[in-house]
Every structure is written in C-alpha cells, then in structure tokens.
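Structure, as structure tokens:
The values are calculated or read from the model by the stated rules, or taken from the named source; none is laboratory data. No experiment lies behind these values; they were computed from the predicted model shown. Every residue, glycine among them, receives a Cβ derived from its backbone with ideal geometry; neighbour counts consider all protein chains shown.
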Amino acid sequence: MIAAAKAGVDDAAAFATKVISPCTFPRLPTISTGVLAAAPTLSTIAQQPSLSVLMTTLKTFGARLLCGLFGLGLTTSATLADEARARADYMIHCQGCHVPDGRGFPGKVPDMRATLPLLLSVEGGRAFLVQVPGSAMSTLPNDRLAATLNWIVKNFTDDKTVAAFADYTEQEVEQMRAVRLDEVFTTRNALIGHLENTHGGSAE
C-alpha cells in the first residue's frame, strides 16, 4: 500500500511538472537558427534548482494529502462504527422501556425528550442519568455506557441542549456509577420536579 501510494505521488509530481513546463520553458526560436527549440524533458527540468524544489514540494504535499485523506477515512469509519454500536446498545438495553424515540410510556416511563434537557440543566442531573438503575446496573462497561448516554442526548434532545452538552467519558461514568442511588424518585423530584411543573413537563 505504501509503495503504491508513493508511486501515485511520483506520478502526480511528474504530471504537474509536465503541465507547468511549457509555461516555464516555452518553445522559443533560437538566436542562431530561428528554429523552435525543443521543450526541455522532465529529466532536464528536474535538474533546474527551482523546479527541483517544486517537485519535492509537490511530492511532500501529495504524501501529506494522502495521509490526511487516509486518516480522515479511518476517523469517519470509526465514528460511524461507534455511533452504530451506541445505537445498538440503546436498542438492547434501553429501548424496551423507553421505546425507539425515547418517548417512554405515559404514567410509567418518563419521556426522555422532555426530561433530559431538564436534568442536564441542573447540578446533579448529569450524575443522576448514570446512577439510575437502568444505567448503573446495566451490563454495559463504562466506556460503552458513556457512549450510549452521549448518543441518547444527541438524538433525543433539542439543539440547545446538545450544543451545551459535554460528552460523558469512561472515567466520569466509572466515578458516578460507583455511587449508589437508593431513592430514585425522591432524588429525581428534588432535581427537576419544580422545573417540570414550570415547563409543563411530565411529573412521572
């Protein structure tokens, strides 16, 4: 792969040199005969100091471009894979109660689309989302629980909430998860009960 990429860069540099050579070394009449002089060959051009530098620059640029595109491709693929895994983890571990779009069941399971923005706007709400039994007691390891919570927030809340949201990290989830939450409903009501009444949200 590396050899092929290098060959591609060499070809690109040679092509660029061929394109610019007529501009740099035009075919002009010779002083003695008046006959058009032949345009310099690539090997001749390569011996010119200024163009040697240009060719080296082109090769360097091409190599960096290839590395950048390759890295971008890897990053994009990794991001898509992480999102797909987080979505799958939501479907397996959360969707049974919260349903595909997070709306839950009225009177039984809170609508995450309404409650997440409220919880993330108050002190302690961020930790609460990790410490509720559905999160803390799931079989997901800390890094995947963090990724799943991040996916939930970014897919079930409004743009304002997403813009202000900082991703959960594996270390953060590990620390929060270690704290046992005994009074779930009491804690939830203390955190956002007054906000739900103010915003007309669910008090479930």
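Being in a loop (DSSP other than H, G, I, E, B) and out of contact with any Asp or Glu (no Cβ under 9 Å at 6 or more places or on another chain) is the filter; apply it to segment 96-127 and report the residue that is surrounded by the most Cβ atoms within 10 Å (Cβ to Cβ).
So, considering only residues that are in a loop (DSSP other than H, G, I, E, B) and out of contact with any Asp or Glu (no Cβ under 9 Å at 6 or more places or on another chain), the one surrounded by the most Cβ atoms within 10 Å (Cβ to Cβ) is Leu120.
All but one of (1) on the phi > 0 side of the Ramachandran plot; (2) modelled with pLDDT of 95 or more hold for Gly107; which doesn't?
Of (1) on the phi > 0 side of the Ramachandran plot; (2) modelled with pLDDT of 95 or more, only one is false for Gly107: (2).
I'd like the full set of residues that are of a type outside the set (Gly, Ala, Ser), at pLDDT below 95 and over 11 Å from the mean Cα position of the chain (by Cα), limited to segment 67-96.
Cys67, Leu69, Phe70
On the given criteria, is Gly201 at pLDDT below 95, outside any loop (DSSP other than H, G, I, E, B), small (Gly, Ala, Ser) and more than 28 Å from the chain's Cα centre (by Cα)?
no
Which one of the conditions (1) part of a helix (DSSP H, G or I); (2) loosely packed, with under 14 Cβ neighbours inside 10 Å; (3) modelled with pLDDT under 95; (4) among the small types (Gly, Ala, Ser) does Gly193 fail to meet, given that it meets all the rest?
The single condition Gly193 does not satisfy is (2).
Could you please find all residues in segment 173-187 being assigned to a helix (DSSP H, G or I), within 22 Å of Asn142 (Cα to Cα) and touching a residue at least 40 places away in the same chain (Cβ under 8 Å)?
If the condition is that a residue be assigned to a helix (DSSP H, G or I), within 22 Å of Asn142 (Cα to Cα) and touching a residue at least 40 places away in the same chain (Cβ under 8 Å), then Val173, Met176, Arg177, Val184 are the ones that fit.
His93: in contact with a strand residue (DSSP E or B) (Cβ under 8 Å, 6 or more places away or on another chain) and either surrounded by 19 or more Cβ atoms within 10 Å (Cβ to Cβ) or not aliphatic (A, V, I, L, M) (or both), yes or no?
no
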